[in-house]
Structure formats: structure tokens, C-alpha cells
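Peer 1: I'd like to ask you about the structure that follows.
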Amino acid sequence: MSRKWIYASRHEGLASRQAHADFPAEGPYEREMSKEGFFGPAAFLHHKHPPTGWVNFEGDLRPRAFDLNLLNKAETSPWAAPRVLYNNSVDMRFWKLASPMTTLARNGDGDQLLFIHQGEGALYCDFGHLAYEAGDYIVLPRGTMWRLSPSAPTAVLMVEATNTHYTLPDKGLVGPHAIFDPAMFDVPAIDEAFKAQQADEDHEWVVEVKKRNAVSRITYPFNPLDAVGWHGELHPVRLNVRHIRPLMSHRYHLPPSAHTTFLSDRFVICTFAPRPFETDPGALKVPFFHNNDDFDEVLFYHAGDFFSRDNIDAGMMTFHPTGFTHGPHPKALKNMMTQSKPATDEYAVMIDTRDPLEIGEGASQVENIDYVNSWKGTQA
Ligand SMILES: [Fe+2]
């Protein structure tokens with residue numbers, strides 16, 4: 001049932017009429033407080049000081065950063081990869097794979113998304129063969145049997161849609177072919193490489209099935225990736241981030257939700273891809289301060305120069321739980337209204353979850369506990 005929000009639009013004191021633009025000189029720092037991410041009612045407050053200008057932050061509720069590059073142990077099974085963040089509706093792991101998987105994997109808990117951070121190689125699955133490279137999203141429907149055979153050391157951000165599916169967002173006013181055309185999805189093929197791997201059956205094959213987060217092993221005396229064909233609309237897909245053509249407005253800083261790539265029931269996956277900066281003199285040119293009150297927010301930095309964050313490199317992940325206002329780092333804030341470069345140069349994957357996340361053993365091993373202090377020096 002759609003909600004009837006309690007709603008009366010008001011204007012008090014010094015405030016712009018248009019969000020994210022034309023801020024009053026006396027209150028140059030705009031903070032958005034909103035419901036349901038950026039889809040519900042919102043208020044825009046104009047502050048004298050940046051809301052991230054804290055000098056001390058005590059307690060467990062703090063921005064976190066994890067250097068996943070330091071998770072060095074290569075595992076041949078994805079189910080042995082360290083958990084990073086999770087709750088009842090999502091499970092994120094960071095998996096390094098140096099040699100071909102010797103068993104097949106099958107996720108009984110939910111659709112599995114693989115984001116290839118580094119490496120290249122081949123995916124073999126029930127549906128055939130699909131090459132992979134850095135920047136690929138691969139969505140594997142729940143129940144798919146699969147294995148990866150890297151030709152270069154591979155690092156994967158795994159995101160499971162626990163007990164449910166991945167779907168596409170409604171692209172609304174811009175229509176279904178904007179941002180990326182569904183025709184850009186690549187699908188596994190029953191090709192020569194797939195047929196060649198079917199010949200690998202002079203030994204037993206084990207399928208490691210993950211269900212309710214426990215792994216069962218099913219042994220076959222033959223190679224179970226033995227399909228000779230298939231038809232249907234349920235199958236894995238691959239999309240590379242370089243094929244994403246992000247929405248932008250030269251006069252308005254679009255919210256992160258404009259960059260939504262995949263949806264699940266209780267979280268969204270968005271992709272930040274290179275785009276021009278806003279050029280309107282009054283338009284904000286960095287992410288706006290926002291309370292983030294309903295969604296825990298996770299960013300995985302894949303490649304490039306991360307324009308809103310200082311001291312963040314590729315392979316790192318930040319986690320901003322709900323409950324406090326976040327926004328750009330001091331260096332980025334200096335460019336709030338004027339950018340020196342014409343465009344962003346970054347690829348990042350955002351995972352925003354409607355329910356609070358727990359920190360897994362993988363992340364807690366590689367946390368930068370000083371991250372909360374990285375906003376110090378924000379001009380006051
Ligand atoms: Fe945010």
C-alpha cells in the first residue's frame with residue numbers, strides 16, 4: 001500500500017527554494033533530512049557549519065573504513081571467503097581467487113552477484129561459458145551451479161540477495177534503455193570452451209551448496225556442467241561498469257539513487273561512473289550532506305580518483321550506518337561550488353541497505369579505526 005506522508009511544505013528563515021542549489025551566504029552548508037532514502041519527504045536545512053565538523057565521536061556508531069586489499073588469503077571456494085558486512089537480507093564477502101576452482105558452487109540462499117574488482121578469466125555454469133574481466137557485474141540466479149577459472153589473479157566483491165532476487169530499477173521518466181540498455185547484458189553461451197570443459201570428467205565433481213549459511217557437499221561421478229542447451233528468460237547476466245552511461249544534470253546534483261543499477265527487496269546497488277561535474281554557478285558540485293536516516297550506506301571503491309573522499313584507494317570499503325549526518329571530506333568540500341576538473345574519474349559500487357548491517361570477521365580484521373577522524377579540518 002502506498003504511504004500517505006504527513007506533508008506540508010514550509011519555508012523558514014534563510015533558505016533556497018531549490019534543493020542543492022543557490023544556498024544563502026549565511027548558511028552555505030545544506031543538509032538533507034529525508035525518508036526512504038531520497039524517495040520520501042525531505043527537508044533541506046542551511047547551516048553555518050559543516051555537519052561533519054565534529055572534533056570527537058565516541059561510541060560504536062561511527063563511519064567505518066575497511067581496506068579489503070589486506071584480505072590476502074586466496075580461497076578456492078567462494079563460501080570460504082571472509083564476510084565483510086551482512087544482515088538478514090544481504091551478505092557481502094570479499095573473495096580472492098588465484099587458481100581455478102576445483103569444485104562447483106551453488107547458492108541456495110539467494111541470487112548471487114559477483115562484482116569483479118580485479119582479474120580476468122572464465123565463468124563456467126549451468127548455462128555455458130562467459131568470459132569475465134575487471135569491472136564486470138555478474139548476476140547468478142539462485143540455484144545456478146558455477147565455477148570460475150581465472151587467467152589472472154581475481155578479486156571479487158560478492159553480494160548475495162538473501163532469500164530473494166535481483167531485479168532492475170524502474171527508470172521512470174528516462175525509460176528502460178537509459179543508463180544501460182538491457183541489450184548490453186551478456187549471457188553465457190554453449191560454446192566450444194564450454195564443450196571442452198565438459199570433457200573434464202575422468203574424476204568426481206563436488207558441488208558445494210550453501211543453504212542457510214551452511215555448506216553441503218554433493219559428489220557426482222560425472223561433470224554436472226553437462227547441459228547441451230537451454231532456453232528461457234532466467235539466466236546469468238554480465239554487465240561491465242564501462243557500459244554504464246550515468247544520468248547527470250548540469251544544473252542539479254542528482255542523488256545517488258539516480259545511479260541505481262540493481263534492486264533487491266531490502267537493498268539497492270548503485271554504480272558511480274565517470275560523469276561531467278555540474279556547471280551551473282549556483283549548483284552544488286559535491287555530494288550533499290545528508291542524514292542517511294533509513295539506509296545503512298556502503299561504498300566499495302573500484303577504480304579511479306574518488307572525488308568526495310580523501311585517502312581512499314581502490315579496494316577499500318566505507319560503511320556509514322544510519323544515525324548521523326555524513327558528507328564530503330574536507331578536501332572535496334573546498335570544491336563545493338567550483339570544481340577544477342571537468343568530470344569525475346571514479347568507479348564505485350554503492351550498496352544501501354534498509355536494515356542495519358553487522359560487521360563481519362573479514363572487515364573487522366582490516367578496519368582503519370582512524371577513519372572517523374578524517375573529517376577533522378573540515379572548515380567551521
Ligand atoms: Fe550517503
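Peer 1: Does the stretch 233-265 hold any residues that are of a type in the set (Ser, Thr, Tyr) and surrounded by fewer than 18 Cβ atoms within 10 Å (Cβ to Cβ), and which are they?
Peer 2: 249, 252, 257
Peer 1: Cβ-Cβ under 7 Å, sequence separation 6+ or interchain: first residue in the stretch 326-352 and closer than 22 Å to residue 45 by Cα, partner within 13 Å of the ligand (Cβ to nearest atom) and among the small types (Gly, Ala, Ser). Which pairs?
Peer 2: Qualifying pairs under 7 Å: 328/308; 329/308; 332/308.
Peer 1: Same structure again: Within the stretch 281-298, can one find any residue that is more than 16 Å from the ligand (Cβ to nearest atom) and assigned to a strand (DSSP E or B)?
Peer 2: yes
Peer 1: Still on this structure, please answer the following. Among the residues of the stretch 197-232, write down those that are surrounded by fewer than 11 Cβ atoms within 10 Å (Cβ to Cβ) and of a type outside the set (S, T, N, Q).
Peer 2: Correct list: 199, 202, 203, 204, 212, 214, 217, 221, 228, 229, 231, 232.
Peer 1: What tally of residues in the stretch 274-306 results from selecting those that are buried (at least 22 other Cβ atoms within 10 Å of the Cβ) and within 22 Å of residue 243 (Cβ to Cβ)?
Peer 2: Residues in the stretch 274-306 being buried (at least 22 other Cβ atoms within 10 Å of the Cβ) and within 22 Å of residue 243 (Cβ to Cβ): 5 in total.
Peer 1: Right, another one. Scanning the stretch 314-333 for residues that are of a type in the set (Gly, Ala, Ser) and within 20 Å of the chain's Cα centre (by Cα), which turns out nearest to the ligand (Cβ to nearest atom)?
Peer 2: 327
Peer 1: Residue 18 passes all but one of (1) farther than 22 Å from residue 353 by Cα; (2) buried (at least 16 other Cβ atoms within 10 Å of the Cβ); which number fails?
Peer 2: Exception for residue 18: condition (2).
We did not get these values from a lab; they are worked out from the coordinates using the rules stated. Predicted model, so just to flag it, every value in this text is computed and none were measured. Every residue, glycine among them, receives a Cβ derived from its backbone with ideal geometry; neighbour counts consider all protein chains shown.
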